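*Asks:* One structure, as structure tokens, below. Some questions next.
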Amino acid sequence: MDKEKTRQAIDKVFRDMAGAMTAGMAFVGTRTGLFRAMAGKGPLTVDDLARSSKLERRYVEEWLRGMTSAGYLEYSPERETYELPEEMAYFVAGDGTDHFVGGMWEMVPALMRVAPRVAAAFETGGGVPFADFGPDCVNALDLINRGQYEERFASYWLKSLPQVVARLQAGGRMLDFGCGSGRVAMAIKRAFPQAAVSGYDVDAASIARAREAAADLDIAFSTEAPKGQFDLVTICDCIHDLAAPVETLRQVHGLVKPGGTVFIVEPKAADRLEDNRNAVATMFYGFSLFHCMTQSLARGGPGLGTCMGPAQTEKLLREAGFRGFKMLDIKSMTNLFYAATP
């Protein structure tokens with residue numbers, strides 16, 4: 001064996017295991033509020049942070065050491081203080097913003113909880129149904145997307161389709177298909193109060209969460225199949241999850257008015273594996289294996305996977321009867337955007 005390649009191999013193993021442990025420690029930082037407690041506070045001692053966070057000192061101390069080792073915190077040996085840099089705080093303590101990353105860490109326990117079942121499915125087939133992931137997973141998905149949907153959907157993403165904006169401003173009908181916790185529908189309703197907005201999802205727990213969050217908005221959330229036709233149908237981060245993708249997209253096709261549009265958001269991945277050798281795609285392959293793909297296979301679906309890419313997305317839409325399809329020029333580190341028309 002090549003000695004240098006052997007050294008690189010074991011270094012890679014330890015780096016990846018360190019990344020896994022860092023994700024767990026970062027989850028603790030988000031869940032307990034430790035990141036928020038450090039943001040903008042400058043250098044802090046262990047006692048400072050334990051006191052302000054009202055958390056157990058020994059746990060706080062070990063967490064600070066771990067996050068320093070991981071490169072998230074700056075440490076002064078002379079003063080024995082820890083500091084969360086402004087640049088890191090922007091991402092890890094920006095709860096509710098479009099740049100908050102805490103939702104990704106909230107996914108870690110939910111996904112690892114089902115990991116033994118996913119491993120068993122390698123031999124037995126099938127998978128883990130969405131309902132089995134529990135409320136923690138629904139909450140994590142909401143946290144991952146909430147800030148982007150609230151701050152970018154209507155003000156930035158939708159501006160790439162001015163004809164859609166005009167229809168909504170004129171009181172058009174909008175449906176978020178696979179709405180989850182309802183954040184897209186809420187963003188549209190707040191931006192276009194005159195529009196008739198609806199949300200549909202098969203998961204009753206997600207619909208209940210959406211109704212509670214949108215109690216002050218006139219939005220019709222339901223687990224029953226939508227009826228009528230809409231000027232805009234949005235499908236965000238869920239085509240790759242579908243158990244019957246072409247059949248479902250044909251149903252969506254029938255929901256779009258003449259001249260209407262389907263706005264699609266999917267994870268950012270390339271068509272070719274060799275172009276997906278990067279951190280974002282690696283994360284998405286993990287999400288796929290432990291969540292997106294397995295829940296589709298659990299329902300007898302094809303298990304398209306989180307990284308199905310633009311070519312497969314277009315193929316599915318065209319098989320479902322959509323004649324118009326284009327990728328939209330919207331910048332994002334994690335998402336791809338498409339528009340389809342009947």
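The values are calculated or read from the model by the stated rules, or taken from the named source; none is laboratory data. Please read all numbers here as calculations on a predicted model, not as lab measurements. Because the Cβ atoms are built from the backbone with ideal geometry, glycine has one as well, and the counts that use them run over all protein chains shown. These accessible areas exclude ligands, DNA and RNA; they are computed on the full protein's heavy atoms, side chains included. Shrake-Rupley method; radii C 1.70, N 1.55, O 1.52, S 1.80 Å.
*Asks:* Going by the structure shown, is Ser222 open to solvent by less than 50 Å² (accessible area, probe 1.4 Å), among the polar types (S, T, N, Q), touching a Leu at 6+ places or on another chain (Cβ under 8 Å) and farther than 18 Å from Gly147 by Cα?
*Replies:* For Ser222, the condition - open to solvent by less than 50 Å² (accessible area, probe 1.4 Å), among the polar types (S, T, N, Q), touching a Leu at 6+ places or on another chain (Cβ under 8 Å) and farther than 18 Å from Gly147 by Cα - is not met.
*Asks:* Write out, first by first residue and then by second, each pair whose Cβ atoms fall under 9 Å of each other, whose residues are 6+ apart or on separate chains, and whose first residue, in segment 162-175, is touching a residue at least 60 places away in the same chain (Cβ under 8 Å) while the second is loosely packed, with under 12 Cβ neighbours inside 10 Å and assigned to a helix (DSSP H, G or I).
*Replies:* As it stands, the answer is Gly172/Ala166, since those pairs meet every condition given.
*Asks:* Still on this structure: Do we have Val13 as of a type outside the set (Gly, Ala, Ser), surrounded by 14 or more Cβ atoms within 10 Å (Cβ to Cβ) and out of contact with any strand residue (DSSP E or B) (no Cβ under 7 Å at 6 or more places or on another chain) here? Break it down into steps so the answer makes sense when it comes.
*Replies:* On the way: of a type outside the set (Gly, Ala, Ser): yes; surrounded by 14 or more Cβ atoms within 10 Å (Cβ to Cβ): no; out of contact with any strand residue (DSSP E or B) (no Cβ under 7 Å at 6 or more places or on another chain): yes.
No, not satisfied.
*Asks:* Could you name every one of the helices (runs of 4 or more DSSP H) located completely within segment 262-342 that has at least 1 residues being surrounded by fewer than 22 Cβ atoms within 10 Å (Cβ to Cβ) and more than 21 Å from the chain's Cα centre (by Cα)?
*Replies:* Values: elements: 279-287, 293-298, 309-319.
Once the helices (runs of 4 or more DSSP H) in segment 262-342 are filtered for at least 1 residues that are surrounded by fewer than 22 Cβ atoms within 10 Å (Cβ to Cβ) and more than 21 Å from the chain's Cα centre (by Cα), what remains is 309-319.
*Asks:* Considering only segment 79-89, I want to know if a residue exists there that is touching a Leu at 6+ places or on another chain (Cβ under 8 Å), within 19 Å of Phe284 (Cβ to Cβ) and surrounded by 20 or more Cβ atoms within 10 Å (Cβ to Cβ).
*Replies:* no
*Asks:* Taking segment 59-74 as the region of interest, how many residues are open to solvent by less than 100 Å² (accessible area, probe 1.4 Å), touching a Ser or Thr at 6+ places or on another chain (Cβ under 9 Å) and over 19 Å from Gly19 (Cα atoms)?
*Replies:* The total comes to 1.
*Asks:* So which pairs qualify, if the first residue must be in segment 230-256 and among the aromatic types (Phe, Trp, Tyr), the second must be part of a loop (DSSP other than H, G, I, E, B), the Cβ gap must be under 8 Å, and the two must be at least 6 apart or on different chains?
*Replies:* Every condition considered, the pairs that remain are Phe230/Gly172; Phe230/Leu255.
*Asks:* Would it be correct to say that Ala204 is surrounded by fewer than 17 Cβ atoms within 10 Å (Cβ to Cβ), of a type in the set (A, V, I, L, M), on the phi < 0 side of the Ramachandran plot and touching a residue at least 12 places away in the same chain (Cβ under 8 Å)?
*Replies:* yes
*Asks:* Restricting segment 21-47 to residues that are open to solvent by 50 Å² or more (accessible area, probe 1.4 Å) and not β-branched (Val, Ile, Thr), which is nearest to Glu78 (Cα to Cα)?
*Replies:* In this case the residue turns out to be Pro43.
Residues are listed down the side, and each one gets a yes or a no for (1) under 18 Å from Ala195 (Cβ atoms); (2) surrounded by 16 or more Cβ atoms within 10 Å (Cβ to Cβ):
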{"residue": "Asp132", "(1), (2)": "no, no"}
{"residue": "Cys137", "(1), (2)": "no, yes"}
{"residue": "Leu143", "(1), (2)": "no, yes"}
{"residue": "Arg146", "(1), (2)": "no, yes"}
{"residue": "Glu151", "(1), (2)": "no, no"}
{"residue": "Ser155", "(1), (2)": "yes, no"}
{"residue": "Val164", "(1), (2)": "yes, yes"}
{"residue": "Leu168", "(1), (2)": "yes, yes"}
